[in-house]
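Read the figures in this text as sums done on the coordinates, not as results from a lab. Treat the numbers as computed from the prediction; the structure is a model and nothing was measured. Here the Cβ is made from the backbone with ideal geometry for all residues, glycine too, and neighbour counts use every protein chain on show.
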Amino acid sequence: MNNYMDLESRYCAHNYLPLPVVLTHGEGAYVWDDSGKKYLDMMSAYSAVSHGHANPRLVQLVRDQVGTLNIVSRAFYTDKLGPFLARACELTGQDMGLPMNTGAEAVETAIKAARKWGHTVKGIADNKAEIIACKGNFHGRTTTIISFSDEAQYKAGFGPFPPGFSLIDYGDIDALEAAINENTAAFLVEPIQGEAGIVLPPDGYLKAAAELCRKHNVLLIADEVQTGLCRTGKFLACEHEDVKPDGLILGKALGGGIFPVSMFLAREEIMGVFTPGDHGSTFGGNPLGAAIGLEALNIMVEDKLAERSAELGDYLIAALREIDSPLIKDIRGRGLFIGVEIDPALGSARTACEALMARGLLSKETHETVVRLAPPLVIDKAALDWAVDTLRDVLTEMDRVRLAS
């Protein structure tokens, strides 16, 4: 093994199973390993690197800010947080935001806001507020969040878990209506499920869910950590159905692929449940993160990354559907957020990703069945053409080996 891999394997907990490559630097849609080999990044850190690796504007901003002011905690005002929050609210149509660092922290913030809103505004009895989530969800890794996962591995050995959550089938509007009761404070949903394998709900589902939540005075909270910020061809995936959620969770690309930045945004009535001391974060809303977040948002708008994602996503999906391979069970996605599902009876997505890596294309399997294709939004058509040709070659070789065995 490579020495870097040896060191990581020796000293890091084995909670990941990385592909055997050591990356050292990146630029745009490409990264290089420690031997100088170049790879096309078709995963972009689960949508975090939408702006491309080492985006020049972000790199320059970081250099300037690091030498000025970085962390002072929210015990004081700074000149960076207000403009960042104002821009985020302007672009999302929300009234207020609460900055955090990781997506999971933002989800936890949303849970706390929904519960306290349920108790203090809706009038749910203390400790009775319930939140509905969907089977197949992925909202993070904290003990609270995994308590409403239906993935057995995410929960095994980590209990006991807190109550107050119920699960329904994703995309089933009747199941949502049946699950709502007098104690329901919120419905937490991904507009497209990412870790489940790029799963899209039926057309009109999100809009119907919003109407149902409004009818029953239930908060609709959209987790757009992966799907938001131009990834699916709109600034927010909710916009595909003209839905404005009551609460919105952002992360990943909000940090420009450089720094952990996340945020929970909501109507003033919801955010108003927080009073000094109710919630906080030493690093949340720090000047460095806020400056990066503001520049990341401005780049998305000025460089028309949503429009790029829509155009290139349509282009990529059409090209992928031209691949004639029995190993492909399904191709689905929106914008540059695409899953190629491999028939498990014929092959493994892990095998496909290892073979792609050997040819200079990086992706990661999801649940052994789906190859995720979600490159930086700055990618061009020539790179996408090469990616499609490379995937076709890999699937052809996998099928040849299968038939020969």
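With Cα atoms as the point set, segment 239-395 shows a radius of gyration and Dmax of 19.3, 59 Å. In this rough spin-label picture, where each label sits 7 Å from Cα along the Cβ direction, the A382-N2 distance is 2.6 nm. In order along segment 145-154, phi translates into HN-Hα couplings of 5, 5, 5, 10, 8, 10, 8, 4, 5, 5 Hz, rounded to whole numbers, per the Karplus curve 6.51 cos²θ - 1.76 cosθ + 1.60 with θ = phi - 60° and x for Gly and Pro.
Mean-square fluctuations from a GNM of the chain, with a 10 angstrom spring cutoff on Cα atoms, peak among H119, H14, H53 at H14.
Taking amide H as placed 1.01 Å from N in the peptide plane, H139 has no amide H partner under 5 Å among residues 5 or more places away or on another chain. For the pair T282 and E27, label points projected 7 Å from Cα toward Cβ lie 3.7 nm apart.
Relative contact order (percent) for segment 56-302, with alpha-carbon contacts under 8 angstrom and 6 or more residues of separation?
31 percent
Loop-located chymotrypsin sites (Phe, Trp or Tyr not before Pro) in segment 62-137 (DSSP state not H, G, I, E or B) with no more than 16 neighbouring Cβ atoms inside 10 Å: F76, Y77. Counting only alpha carbon atoms, the long axis of helix 103-117 and the longest principal axis of the chain meet at about 20°. Round to the nearest 10 and give me the degree value, 0 to 90, for the angle of helix 205-215's Cα axis relative to the longest principal axis of the chain. Between the helix axis and the principal axis of the chain, the angle is about 10 degrees. What percent of all Cα-Cα pairs in segment 1-84 falls into each 5 Å bin, going from 0 up to the bin containing the maximum distance? Binned Cα distances yield the sequence 3, 11, 15, 15, 16, 14, 13, 9, 4, 0.
Among the listed pairs K135/K207; K155/K234; K207/K381; K304/K364, those whose Cα-Cα separation exceeds 23 Å are K155/K234; K207/K381; K304/K364. Which of the listed residues, V49, M96, A113, is farthest toward the dipole's positive end in segment 38-183, when Lys, Arg count +1 and Asp, Glu count -1 at the beta-carbon? Final value for the positive-end residue is V49. Model label points for R332 and E211, set 7 angstrom from Cα along the Cα-to-Cβ axis, are 2.3 nm apart.
What's the Cα-based Rg to Rh of the chain, Rh via Kirkwood?
Rg/Rh for the chain comes to 0.97.
Using Cα centres only, tell me the gap between segment 79-111 and segment 289-317 in whole Å. So the two Cα centres are separated by 18 Å. Only Cα pairs under 8 Å and 6+ residues apart enter the sum, and on that basis the relative contact order of segment 335-405 stands at 36 percent. Projected over every direction and averaged, the convex hull enclosing the alpha-carbon atoms of segment 1-151 yields 13.7 nm².
Full extension of the chain segment joining F161 with A404 gains 82.7 nm, where the gain is 0.36 nm per residue of separation less the Cα-Cα distance.
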